[in-house]
Amino acid sequence: MLATSYRVLSRADLWLEWTGEIPPELADVAGLIEQGRDALNDAYLVAEKGAYQKARAAFAAALERCQDRSALMWFLACEYAEKGYFADSAALLGALLASGSTRLDVQRLYAEMTWWRDQGRWLPWIH
């Protein structure tokens, strides 16, 4: 519910442009990204045991082999945010900011992810 609520409530422009497609600059690790995304979907949609750990392992391997590490970190931060893994997204975005990124979309998403990570449990839900 948090992931859906976040995407509905967020007004960040980056979501208007987000297609979820792997960008060309990440072609060198596209297979690992797809493997991780499949596992993350299994964790997100059906709570498959061990799927989250498989996703993290695939993403870690991609980060080790990727030529454009900052592009991959941004992509993964968006992927995690979209599925409500706010702490994971915030960690990647924090690392991007610590490495010197001054991109406004990184700053905006980092602010949102830290808020949702810390405050999401307090939101009332109406069904």
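Laboratory data are not the source of any read-out in this text; all were calculated from the coordinates shown. A quick note: this is a predicted structure, and the numbers were derived from the prediction, not measured. FYI the Cβ positions are ideal-geometry reconstructions off the backbone, even for glycines, and counts take in every protein chain you see.
Ordering 28-37, 112-121, 12-21 by mean Cβ neighbour count within 10 Å, with the highest value first, yields 28-37, 112-121, 12-21. Quick one, could you list the DSSP H helices from the chain stretching 27 Å or more along their long axis (Cα atoms) with average Kyte-Doolittle hydropathy of 0.5 or above? Answer set is empty. Projecting label points 7 angstrom from Cα along Cα→Cβ for residue 45 and residue 9 puts them 2.6 nm apart.
Net length available on complete extension from residue 121 to residue 34 is 28.3 nm, with 0.36 nm assigned per residue and the Cα-Cα distance removed.
Less than 11 Å Cβ to Cβ from residue 86, Lys/Arg counted +1 and Asp/Glu -1: what total charge do the surrounding residues give? Taking every other residue near residue 86 into account, the sum is -1. When you restrict to C-alpha pairs under 8 Å that are six or more residues apart and normalise by the size of the chain, the relative contact order lands at 25 percent.
Among 92, 76, 45, the residue with the largest mean-square fluctuation in a Gaussian network model of the chain, with springs joining Cα atoms closer than 10 Å, is 45.
A dipole drawn for the chain from +1 and -1 charges on Cβ atoms has a positive end, and of 85, 23, 116 the residue lying farthest that way is 116.
Think of each Lys and Arg Cβ as +1 and each Asp and Glu Cβ as -1; about the Cα centre, that makes the dipole of the stretch 2-122 roughly 420 debye.
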